[in-house]
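Bear in mind these aren't lab numbers, they're just calculated from the coordinates by the rules spelled out. Since we're looking at a predicted model, the values are computed, not measured. Methodologically, a virtual Cβ is constructed for each residue, glycine included, from the backbone with ideal geometry; neighbour enumeration extends over all protein chains shown.
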Amino acid sequence: MSSGAPSSLADPAVLRARRTEDVVVGDEIVRHRLASRVIHWSVALLFFLALFSGLPIWTPVLGWMAHLLGGLNVCRWLHPWAGLLFFLAMAAMFVHWLGDMRLEPPDREWLRPRKMVEYMKHEGDEAEVGKYNGGQKLFFFAVALGAAGLIVSGLVLWFPLSFPRMASELATLLHDLTFILFVVAVVLHVYLGTAAEPGTFHSMVRGTVTRRWARFHHPRWYREVTGERPRHP
C-alpha cells in the first residue's frame, strides 16, 4: 500500500513535518517530525558503520571488506568509536521515543508466537492499535537492551588488559551473540518497513503517511489524530 504522497520539499505536509507530528495536512498525516527522522537515520548509519568495520575483525573470511574502509588497521581503530557513537545515538533515540513506547495491556498479545504470523497476514482485530503496535514497542526495548549489551561487552574488548581474562572471554561471547541477533533483527526491521508494509519507509524519509495507510495499520492513532469516530458494523 503506497503512501502515494507528492515528493516536493515545498509541500505543506513536508514543511509541517519539520517541527511537529501527529497532525493532519490534507490527505496526509505527519507521523515523524524531522528530529525523529534524523535520530533514526543516525542510528542506522552508525550501526552499519560499526557492522562493516567490525566484520573484517570478527572473521578472516570477511577480511576483504576491510579494504572498503582503508584496511584492517583502520577498521580496528574505527570500530570501537563507531560502536560508541552508535550507543550514544541509541540512547538519544531511547529518550526521544520512550513516551510513545509505553506498553499497554493489548500489547501483551505480541508475546504469543502466533501474533507475528497473524500480523503478517493482516488477521486479528487491530482496531485498538495506536501509533506503534505491540511488536514495534517490544522491538524498541529489545534493540535498546541489545545496544547496552554491545557497549558493555565492547568496552571490555576495547580495554582487555583492564579486566580479568574470564571477563574478556565472556565479553567476546556476549558481543558475538548480541551482534548476530542484532543483524537478524535489523534484517527483519528493514523487511517490515519496506516490502511487508509499503509506505512505512516513506514515512521515515518524508515524515508523512496517507490517511488510508494510517487507518489500515494504526486505526486508533488515526482516530486520535483525525478525531474520526470508530466505525461500527
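Remarks
- Peptides 16-29, 45-58 ranked from most to least packed by the mean count of surrounding Cβ atoms within 10 Å: 45-58, 16-29.
- Within region 126-233, chymotrypsin sites (Phe, Trp or Tyr not before Pro) in DSSP loop having at most 10 other beta-carbon neighbours inside 10 Å: none
- Alpha carbon Rg of region 97-158, scaled by the compact-globule rule 2.2 N^0.38 Å: 1.40
- Expressed as a fraction of 2.2 N^0.38 Å, the C-alpha radius of gyration for region 5-65 is 1.74.
- Cα gyration tensor of the chain - equivalent ellipsoid semi-axes, whole Å, descending: 37, 21, 15
- Legend: helices of the chain (whole DSSP H runs) are marked when their alpha-carbon atoms reach 24 angstrom or more along the helix axis and their mean Kyte-Doolittle hydropathy is at least 0.5; marked are 34-58, 72-97, 134-158, 165-193.
- Translational diffusion of region 144-233, µm² s⁻¹ [Kirkwood Rh, Cα pairs; Stokes-Einstein; 37 °C; 0.692 mPa s]: 199 µm²/s
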